[in-house]
1. Tell me which residues come under 5 Å, amide H to amide H, from Lys32 once H is placed; ignore anything under 5 positions away on its chain.
2. Taking only C-alpha pairs under 8 Å that are 6+ residues apart, what is the relative contact order of the range 8-242 in percent?
3. Give me the net charge for the shell around Ser44: Cβ to Cβ below 11 angstrom, other residues only, Lys and Arg +1, Asp and Glu -1.
4. Taking 22 Å as the cut-off for C-alpha to C-alpha distance, list the pairs among Lys127/Lys177; Lys48/Lys159; Lys66/Lys211; Lys127/Lys159 that go past it.
5. Take the eigenvalues of the Cα gyration tensor for the range 93-188, scale each by 5, and report the square roots as semi-axes in whole Å, largest first.
6. Rg and Dmax in Å for the range 45-94, alpha carbons only: what are they?
7. Please report Rg over Rh for the chain, where both radii come from the alpha carbon positions and Rh follows the Kirkwood definition.
8. With no solvent and one equal point scatterer per Cα, compute the Debye intensity ratio I(q)/I(0) for the range 1-149 at 0.10, 0.18, 0.19, 0.21 Å⁻¹ and report its log10, rounded to two decimals.
Amino acid sequence: MANFQDRVVIVTGAAQGIGRIIAEHYAAVGAKVVLADYSEDKLSETQKRIREWGGQVLSVPVDVRKEEDVIRLIRKTDEQYGAIHILINNAGISRWKSPYELTVEEWDDVIQTNLRSVFLCSREAAKVMRRGSRGAIVNIASTRALMSEPNSEAYAASKAGIVGLTHALAVSFAGDKIRVNAVSPGWIETGDYEALRLADHKQHPAGRVGKPEDIARACFYLTDPDNDFVTGINLVVDGGMTRKMIYEE
Ligand code: NAI
């Protein structure tokens, strides 16, 4: 198990869902965690949960679509902790709507939230990371970068964009010893896991629907300094769903 004690870890979209669990996992092993989200109420709830069991945590209200907010997030983190070792670009939204009806504003909103934010946060964090000996960035993409259901154009494009951006940044930042990888989650249940049906679990080759903890452990793997031979990859964590061939009868 890697030693994340006192490592400075920024998680975007950390107020709830997968981001919250990733942040709690790093805090539980002694990291200094920076929670970044635009949902201020839920942000303070997550901060409170981590503080209650003695975790080191700073929360910064941020809209990742706004360049000035991202610059402020990195500045505040640097002022508070004097370093950034790990960045998890997790904030994201989805919008399911027919491509005939999707407006340009809706398209831009998804792309700015999911994709442009990854560029902005990575660019700004890397400026601090390169002062240290090394850094690691993980971008949360999706299996929808690789496969589709109808009416998911903006989301699929944003997530496929993340996969491309990941290998581009991995090559550009290599000289500064900053590794950049993506995780593509499949179905990760962030609501009531007990309410899932048997059929939901059974359709997965792994025999179950995913949990946020599955993604947190993938982040641990990709940000472990011992795994410094791994950069530019897209790690699919989906219980095997994208490997399952389906012909309709
Ligand atoms: P969620 O909706 O529960 O959490 C997303 C978080 O991002 C929220 O706390 C929200 O406030 C924050 N956020 C959204 N827009 C923001 C903005 N402009 N600025 C700052 N914060 C913002 O979503 P979930 O399920 O936890 O997903 C997390 C990531 O994982 C997303 O990128 C999502 O696309 C990806 N993902 C999730 C899957 C799933 O099955 N849950 C599957 C594949 C990918």
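1. Those qualifying (amide H under 5 Å, at least 5 residues apart or on another chain) are Asp6, Arg7, Val8, Val9.
2. Details: 452 pairs, mean separation 43.2, N = 235.
It comes to 18 percent, rounded to a whole number.
3. Details: positive: Lys42, Lys48, Arg49, Arg51; negative: Asp37, Glu40, Asp41, Glu45.
Around Ser44, the charge tally is 0.
4. Details: Lys127/Lys177 12 Å; Lys48/Lys159 31 Å; Lys66/Lys211 30 Å; Lys127/Lys159 24 Å.
As for pairs spanning more than 22 Å Cα to Cα, those are Lys48/Lys159; Lys66/Lys211; Lys127/Lys159.
5. Working: eigenvalues 164, 37, 16 Å².
They are 29, 14, 9 Å, listed largest first.
6. 12.3, 34
7. On the way: Rg = 17.6 Å, Rh = 18.4 Å.
Looking at the chain, the ratio lands at 0.96.
8. -0.35, -1.02, -1.12, -1.32
Read-outs throughout are calculated quantities, based only on the coordinates presented, and are distinct from any laboratory measurement. Just so it is clear, the structure is predicted and the values come from calculations on it, not from any experiment. Virtual Cβ from ideal backbone geometry, glycine too; neighbours counted across all protein chains shown.
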